[in-house]
Structures are given as structure tokens and as C-alpha cells.
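The values are calculated or read from the model by the stated rules, or taken from the named source; none is laboratory data. All values reported here derive from a predicted model rather than from experimental measurement. Don't worry about glycine lacking a Cβ; one is built from the backbone with ideal geometry, like all the others, and counts go over all protein chains shown.
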Amino acid sequence: MGDCTVGQTLLSVSDALERVLEAVSPLSAEESVPLAEALGRVLAEDIHSLVTVPPADNAAMDGYALRAEDALGQALSISATIPAGCAPGRLLAGTAVRIFTGAPVPDGADTVVPQELCERLGDEVVVPASLKSGSHIRPAGEDMYAGQLMLQAGERLRPQDLALAATGGHPALTVRRRLRVAVLATGDELVDPGQPLAPGQIYNSNSFALLGLLQGLGCQVTVCRMVEDTLSETVRALESAADAADLIISSGGVSVGDEDHVKAAVERLGSVDLWRVAIKPGKPLAMGRVGRTPFLGLPGNPVSLFVTFCLFARPVVLRLQGVREPRPQYLPVRAAFALDADKRARYLRARLNTLGDTLQAELFPHQGSGVMSSTTWANGLVLVPAGAPVREGATLQALMYNELLH
């Protein structure tokens, strides 16, 4: 991949995404963790059920189990009571058994009648004369059979996945090792929150944005520090980060200014490609290696950093974690705004609200790359393609925070 300089054509978002994904491969390290510690981890192997679920036909409701042809509007004697967890035995011909939800249906019974449809008369029960055989019985294997594939390698485990694994009898799962990430924020103007600001200084927000975004993806942040704007200090910070991480992400310093030392420092220690992406906010994007450790350089403006992380860094993290499909999934939305055309694709901070059977996108009024408040007001990013104006009511594509930030 060649270096992209100022005079060259800007890359599309899709081309830039394919380049960063081609530059990394999933980590091979695996470990077994208990189910209680597996949330958010990425499965390293396919998981098959160890048992049939349910193991036997069982009652879907509290009521009475019987043979439908025995119930002709006459009273049936109650021959047994079967709670969940008990062996049911066999139904005595011409009788009914009291049964509870989840309890196994006795041999010979083919129907469960809900208790609210029955009339209890001491040790007998009267059920409706018109019954449908097989009603309210959950058959064995309705959920899964022993040996059936439940979860596939490359899935990030959700609470329902853990419940499914437990249902299939698994106390632990083999997952990819947590991704270790180093975060470097460049810029002499940066000061930690809580410190007094000198003229020209600003508080460092990028480190906290990256820290939160990475922790939301289940990463272990091993280094999180600010770096002085000198080549020697940038080289030292990168060397130290490479020793402690599987991935290095920097903010700022990847443009072409005299004080942008990241590109030169990465080239001294490995290799780097600097691209200009046809996107607002954001434009400069760097991908390379420090020794053998992948490196990703994001812009320094806070909103540019947030957007480019969602579009490029998140897929890189997911690919390294072994997720099968790391690309973000777009949803159609209806524009509640109008905009003039722009040469670059725009990812605008928007509030997406349900309107009937569609999502409607309302824009934050100030879309500058330094307006971090736009990211907290919004709940998604709306893509406005390059080169075309937007009319109110037009259909656009959007990315929801509930996917991007987890």
C-alpha cells in the first residue's frame, strides 16, 4: 500500500475500511473461561449442545394432563400430581393428572388442559368436551437436540448466548484472549483534567474517549498516556506501547504539519501508510506496524476521533478479536432536515427516533469536528453521501450507537 499525500485522490470510506481490515488478522491466543466471566468475549470454537432440550415432552401450562379421547365432558378422576423435576410414570387409563408448567408429561397422555378451562370437583376434574389433541405440550427437542450447533466461533457473547450455552450444559467456553490495546494521545497543548490550563492549552478528552470505546468492546487497555510533540519522545512511547499491546491507537499527529511526528516515528520502527479519506469529520488516517504490533493513527479533533474510531478502529478491534463480521451494519432512516451537497461523505451526529414504522433523523445544530457535545446529544451517525444534496424526507443510511459502542 502506498503513501497518500496531499495531491492524491481521497479514499472512499469503504476503500479505507477494506485496507485497514486487510492489514490485520485475528489473534490466535485462546483461553477457557467460566460462563459468568464470558460476557462480551469472542468465541474461539463452535459450541454444540450436550443435551436435548427439553429432554422429554413437558407441560406448557399449569393444568391437567390426559388422553384427549377420554375427555368427553365427563369427570375424570385425578390419579396423580406431577410437579416440575419429578419422574412422571405412566398415565392410568381414563384418568387425568394434575401437572405444572415444565413438568414431564406422563406416558399415555397426549394433551394438557389449562387449569382455568377445567372444573375441579374434589378428586375429579371436568374438562371441556372439545379438545385438540396435543395442546399445550412442548415436545422433546423443541429447543435443541444433543449435538446440535448452538453458537458459532467468532460471535461476541451476549447475555442470551450465555443462557443458551448453559441450557446446552456448558459450564465454560473457549474464547479469544482479551485484546490488549495501547492508547497514545499526542499534542503539547493537552493537559489532564483537573490541572490548571495555561494559554493555548486544552484538556485531554481523546484518551478518555478511546479508553471508554475500547473498554466497551471488551479490550484491556494496557497503556494510556499523553506524548510530547517531539520525534524522540514519540519513538520512545511507541516502542514501549508495542511491548505491552496487541494494537496501538494514537490520536493526533498523523497529518502533514511540522509538529506531526507520529508518521515519522512509526516509519522508524516499522512501516506506515497515511491516507486521506473523503469524509467529514476526519480525513487523515494512518495504518501500519510498530515492529510486529499493528498501529492505527486517528485524527486529533475530538469528534473526528469519535467518528473514525466507529468507522475504522472498531472494525480493526473486532477483526483482531476474531469476530466473523466486523463491519458496521447500517439502517435506513428518513431525514428530518435538508442539506446542500458536499464533496466528502458526512457522518452527522443525529438523534434517531421512531416515527410510525420508520426511523427519523434529527441533526444536532452544530456539526463541527470540535463540538464533542454533539456526540452525547445524538444516538447515532447519519451518512450523507458525497456529491448530492439532501431533501427533507429523503432516505439515508445510519449507524446506531447501540451497535457501535458495544
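Taking residue 349, is it among the charged types (D, E, K, R), crowded, with 18+ Cβ neighbours inside 10 Å and either farther than 17 Å from residue 15 by Cβ or in the same structural domain as residue 203 (by TED's automatic domain parsing) (or both)?
In short, yes.
Is it fair to say residue 190 is under 30 Å from residue 314 (Cβ atoms), surrounded by 13 or more Cβ atoms within 10 Å (Cβ to Cβ), modelled with pLDDT under 95 and not β-branched (Val, Ile, Thr)?
Criteria met by residue 190.
Specify which of the listed residues (94, 122, 89, 200) is among the small types (Gly, Ala, Ser) and in the same structural domain as residue 290 (by TED's automatic domain parsing).
None of the other options fit; the residue is 200.
Specify which of the listed residues (348, 352, 359) is part of a strand (DSSP E or B), at pLDDT below 95 and not polar (S, T, N, Q).
After applying the criteria, what remains is 359.
Can you name every residue in the stretch 144-160 that is within 14 Å of residue 324 (Cβ to Cβ), crowded, with 18+ Cβ neighbours inside 10 Å and among the hydrophobic types (A, V, I, L, M, F, W, C)?
Once the filter is applied, which keeps residues that are within 14 Å of residue 324 (Cβ to Cβ), crowded, with 18+ Cβ neighbours inside 10 Å and among the hydrophobic types (A, V, I, L, M, F, W, C), the stretch 144-160 yields 151, 157.
Would you mention how many residues in the stretch 77-119 are assigned to a strand (DSSP E or B), within 20 Å of residue 60 (Cβ to Cβ) and over 45 Å from the mean Cα position of the chain (by Cα)?
Matching residues across the stretch 77-119 total 5.
Out of everything in the stretch 47-79 that is surrounded by fewer than 17 Cβ atoms within 10 Å (Cβ to Cβ) and in contact with an Asp or Glu (Cβ under 6 Å, 6 or more places away or on another chain), what residue ends up being modelled with the highest pLDDT?
Out of the qualifying residues, it is 77.
Name the residues in the stretch 51-76 that are part of a strand (DSSP E or B), of a type outside the set (A, V, I, L, M, F, W, C) and within 30 Å of residue 148 (Cβ to Cβ), would you?
Answer for the stretch 51-76, where residues must be part of a strand (DSSP E or B), of a type outside the set (A, V, I, L, M, F, W, C) and within 30 Å of residue 148 (Cβ to Cβ): 58, 63.
Would you call residue 238 touching a strand residue (DSSP E or B) at 6+ places or on another chain (Cβ under 7 Å), under 27 Å from residue 27 (Cα atoms), surrounded by 18 or more Cβ atoms within 10 Å (Cβ to Cβ) and in the same structural domain as residue 186 (by TED's automatic domain parsing)?
yes
Given the criteria hydroxyl-bearing (Ser, Thr, Tyr), outside any loop (DSSP other than H, G, I, E, B) and closer than 30 Å to residue 278 by Cβ, does residue 32 qualify?
No.
Does residue 150 fit the bill of being touching a helix residue (DSSP H, G or I) at 6+ places or on another chain (Cβ under 9 Å), assigned to a strand (DSSP E or B), modelled with pLDDT of 95 or more and not assigned by TED's automatic domain parsing to the domain that holds residue 106?
Criteria met by residue 150.
Return yes when residue 166 is outside any loop (DSSP other than H, G, I, E, B), surrounded by fewer than 20 Cβ atoms within 10 Å (Cβ to Cβ), touching a residue at least 24 places away in the same chain (Cβ under 8 Å) and not assigned by TED's automatic domain parsing to the domain that holds residue 251 and no when it is not.
Considered against the rule, which asks whether it is outside any loop (DSSP other than H, G, I, E, B), surrounded by fewer than 20 Cβ atoms within 10 Å (Cβ to Cβ), touching a residue at least 24 places away in the same chain (Cβ under 8 Å) and not assigned by TED's automatic domain parsing to the domain that holds residue 251, residue 166 comes out as yes.
Those residues that are in contact with a Leu (Cβ under 6 Å, 6 or more places away or on another chain) and crowded, with 17+ Cβ neighbours inside 10 Å, I need them from the stretch 28-42; list them, please.
Across the stretch 28-42, the qualifying residues are 38, 41.
Taking the stretch 276-287 on its own, how many of its residues are in contact with a Pro (Cβ under 9 Å, 6 or more places away or on another chain) and touching a residue at least 40 places away in the same chain (Cβ under 8 Å)?
Within the stretch 276-287, residues that are in contact with a Pro (Cβ under 9 Å, 6 or more places away or on another chain) and touching a residue at least 40 places away in the same chain (Cβ under 8 Å) number 7.
Taking only the stretch 380-393 into account, find how many residues are buried (at least 17 other Cβ atoms within 10 Å of the Cβ) and closer than 16 Å to residue 331 by Cβ.
Number satisfying all stated conditions: 5.
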